[in-house]
Amino acid sequence: MVSFKFELFNITCAGTSECEKSTIIQLLERFNDVTSGRVLLDGIDIRKLNLHSIRSHFGLVGQEPILFDLTIAENIAYGLENIPMEDIINAAGKANIYQFGYETKVGLKGSFLSGGEKQRVVIARILLRRPKVLLLDEATSAMDPHNEQIVQETLEHAHTEDPTRTSLIVAHRLSTISSCDSICVLD
């Protein structure tokens, strides 16, 4: 059984690979529901809330980023309407993918991109959406150290530019968790 509460912070869940850290994110996004106990969001059982409403408040970057056989720009703006190209370029710059051709197709499931490039496109997508809660599940695990540092600084800035934003970070790299306000170690 796991019990913890988080509010307006940058929080990390760390632990061994066997401890199912990612399950917490899966429960928050309602990919799975708890079989015993409860997950509360603002004091309300998450199972009683509208699924679309819940997910509209979260920005998820998972270990396996979800990309579509569209252009870089279309993947960044996916799910949003009438987004100015300037906003897409701004989000891309923050995720350090400004050098990508915005009209370049990424291939089926992003097959034309490396793992780190895929993660950066999805990070640009969540930065464009400006969700209240960032769910980062090994979100920089496929990046080289240079890009990881740039993206980490961007994610830290995203929290400071909106102090009401919460980040839940699942990670094993010390560089990813070093700036967090609170660390929950699962084992």
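A Cβ distance below 8 Å, combined with a sequence gap of six or more or placement on separate chains, defines the contacts here; from the stretch 41-70, residues that are among the acidic types (Asp, Glu) and loosely packed, with under 15 Cβ neighbours inside 10 Å reach residues that are at pLDDT 90 or above and not in a loop (DSSP other than H, G, I, E, B) in the pairs Asp69/Lys105; Asp69/Leu108; Asp69/Lys109. Considering only the stretch 91-115, how many residues are part of a helix (DSSP H, G or I) and either without any contact (Cβ under 8 Å) to a residue 24 or more places away in the chain or buried (at least 19 other Cβ atoms within 10 Å of the Cβ) (or both)? Within the stretch 91-115, residues that are part of a helix (DSSP H, G or I) and either without any contact (Cβ under 8 Å) to a residue 24 or more places away in the chain or buried (at least 19 other Cβ atoms within 10 Å of the Cβ) (or both) number 5. Among the residues that make up the stretch 50-65, is at least one of them at pLDDT below 95, over 27 Å from Pro163 (Cα atoms), of a type outside the set (Phe, Trp, Tyr) and in contact with a strand residue (DSSP E or B) (Cβ under 8 Å, 6 or more places away or on another chain)? There is no residue in the stretch 50-65 that is at pLDDT below 95, over 27 Å from Pro163 (Cα atoms), of a type outside the set (Phe, Trp, Tyr) and in contact with a strand residue (DSSP E or B) (Cβ under 8 Å, 6 or more places away or on another chain). Ser167: part of a loop (DSSP other than H, G, I, E, B), closer than 23 Å to Gln26 by Cα and of a type in the set (S, T, N, Q), yes or no? Criteria not met by Ser167.
The values are calculated or read from the model by the stated rules, or taken from the named source; none is laboratory data. Remember, predicted model here, so these are calculated numbers, not experimental data. Methodologically, a virtual Cβ is constructed for each residue, glycine included, from the backbone with ideal geometry; neighbour enumeration extends over all protein chains shown.
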